[in-house]
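The values are calculated or read from the model by the stated rules, or taken from the named source; none is laboratory data. Since this is a predicted model, take the numbers as computed values, not measurements. We place every Cβ from the backbone using ideal geometry, glycine too, and count neighbours over all the protein chains shown.
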Amino acid sequence: MGESKSVGAQSVRFTEDVYVLGRAAVVGSKEGEGPLRSFFDIIDDTDRFGGENWNDAESRMMQTAAALAIKKAGLTPKQIRMLFAGDLLGQLLASSFGAGELPIPFLGVYGACSTMGESLLLASMAVDGGFADCTEAVTSSHFASAEKEFRFPLAYGNQRPLAATWTVTGSGAIVLGNKTALERSRAQREDTAAVRGGTGKQGVEVVVAGGTVGRVTDYGVKDKANMGACMAPAAAAVVEAHLKDFHRTPADYDKIITGDLGAVGVKIFADLLGQKGYRVEPVQEDCGLLIYDNELQDTHSGGSGCGCSASTLAGYLLDQLYKGDWNRILFVPTGALLSPVSANEGSSIPGIAHAIVLERKQEVW
C-alpha cells in the first residue's frame, strides 16, 4: 500500500507532483481597465470575442483561454487527456459549446463561482491518481450573459444595491501535468512569467500540493444581491476544515485568497474564522477585490463570477508564485448555489467553497 492521499475529514494530499504547465487569462474591457491589466494575456475591448451574441462571446472567450494555455505549455490539444470546465449558464452552455471546438475529452462541472476550485481539484486528482498525464481546468463568466440569466436584461437599466458584485467578463485556464509531461513541455515553454534561475539549469515550477473539498453551507440568506453573505460561511468552513486536516495555521500561508466574497463577504469570513480562533486578516485577499479598482470603476462590493477567481489565478496569483513573492498560497474559490428558479421561489441560497494549496518549487532542469 502506498502513502494515503486522504488527509483528515475533507482533504487530499497529492503524493505525486502535479505541475502547472501552462496558463492563460482572457478578459473583457472593464477588467482590462482594472489594476491587474498587465497580468492578462488577452483583453477584448469589445467584450464580444468575435461572437454573435453574449453566450457565443463567452464560449469563444473560454475556448481562447483553453487553447492559449495549451500553447503556452508547449503542447497540442490532443496531448490533453481530460478537460474539466464549467460556467454559470444553464447546462454549462458556454463550456459545452467552447469544448466542442477542442479535440479533448470533456467533463463539465458546476460549483457556481467556485467552479475553478472544483475543476482544479478534479484535474489535479486525475493527474496524481495516474488517470492522465495532462489535464486542463478552465472556467468562464460574462457580465452580459450572467445578467440576462440571473438578474435583468441590460436594457432594463436596473439599480444595483451596494452589496451587489459585478460579474467578471473573463476566463482562466490552467494546464496541469505530471513529471513526464513537465519534461515534455519544457523545451517549447512560452510562459515568460516563469523565472529561470542561474545558468538555466535551475527552474521555478508551481505545483498543486493538495486541497480540501468544501461542504454545502446554508445560513438561510435569501438576498441574491448579496452573494458575499451567502458564500462567506462556506469559505470560512472549508478554511477551518483545511487548517485542521493539515494541522496548519493561517500563518503557514503567504496568502489565503478567496474567490469573490467582495467587500461585504470578506468581513463576514474573517469574523467567522475569528470566532474559531483563526486570525486571517494579515494574509487575507479576495479576487473580487483585486480585479477592480472600486473607487474608479464603481463595482460596489467587487467582482464575482466563475471567471473572477479563474482569470485572477491564471494571471496575477500564479505570477506572484513564479516570481517568488509568495511560496505557498491557499486558493479558495467561492460559489453561491442559486438558480433563477430557486431564487424566484424564495429559497435560501446555499454556499460552497473549495481550498487548493499551490506551492512554488525550485527544481534542477
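Looking at the stretch 1-45 only, could you name the residues that are in contact (Cβ under 8 Å) with a residue 12 or more places away in the chain, small (Gly, Ala, Ser), farther than 30 Å from TRP166 by Cβ and not in a loop (DSSP other than H, G, I, E, B)?
Within the stretch 1-45, SER11 is the sole residue that qualifies.
Of all strands (runs of 3 or more DSSP E) completely enclosed by the stretch 268-344, which ones contain at least 3 residues that are more than 20 Å from GLU58 (Cα to Cα), assigned by TED's automatic domain parsing to the domain that holds GLY220 and in contact with a Leu (Cβ under 8 Å, 6 or more places away or on another chain)?
Answer list for the stretch 268-344: 328-332.
Taking the conditions exactly as written (out of contact with any Phe, Trp or Tyr (no Cβ under 6 Å at 6 or more places or on another chain) and of a type in the set (A, V, I, L, M)), does ALA69 satisfy them or not?
Yes, satisfied.
Consider ALA251 carefully, then state whether it is over 14 Å from the mean Cα position of the chain (by Cα) and either more than 29 Å from LYS30 (Cβ to Cβ) or surrounded by 19 or more Cβ atoms within 10 Å (Cβ to Cβ) (or both).
Values: over 14 Å from the mean Cα position of the chain (by Cα): yes; either more than 29 Å from LYS30 (Cβ to Cβ) or surrounded by 19 or more Cβ atoms within 10 Å (Cβ to Cβ) (or both): yes.
In short, yes.
If you go through the stretch 270-306 one residue at a time, how many are within 25 Å of THR169 (Cβ to Cβ) and either modelled with pLDDT of 95 or more or buried (at least 23 other Cβ atoms within 10 Å of the Cβ) (or both)? Quick ask: steps written out before the conclusion?
Taking the stretch 270-306 first, the residues within 25 Å of THR169 (Cβ to Cβ) are 285-306.
So of that shortlist, the ones also either modelled with pLDDT of 95 or more or buried (at least 23 other Cβ atoms within 10 Å of the Cβ) (or both) come out as 285-292, 299, 301-306.
Matching residues across the stretch 270-306 total 15.
Among the residues that make up the stretch 111-123, is at least one of them over 16 Å from ILE356 (Cβ atoms) and at pLDDT 95 or above?
no
Tell me, please, whether a residue that is under 13 Å from the mean Cα position of the chain (by Cα) and in a helix (DSSP H, G or I) can be found in the stretch 348-356.
No, because not a single residue in the stretch 348-356 is under 13 Å from the mean Cα position of the chain (by Cα) and in a helix (DSSP H, G or I).
Out of (1) under 14 Å from SER140 (Cα atoms); (2) basic (Lys, Arg); (3) touching a residue at least 24 places away in the same chain (Cβ under 8 Å); (4) out of contact with any Gly (no Cβ under 7 Å at 6 or more places or on another chain), what's the single condition that is false for ARG48?
With respect to (1) under 14 Å from SER140 (Cα atoms); (2) basic (Lys, Arg); (3) touching a residue at least 24 places away in the same chain (Cβ under 8 Å); (4) out of contact with any Gly (no Cβ under 7 Å at 6 or more places or on another chain), ARG48 is out only on (3).
What tally of residues in the stretch 74-88 results from selecting those that are charged (D, E, K, R) and in contact with a Cys (Cβ under 7 Å, 6 or more places away or on another chain)?
Of the residues in the stretch 74-88, 2 are charged (D, E, K, R) and in contact with a Cys (Cβ under 7 Å, 6 or more places away or on another chain).
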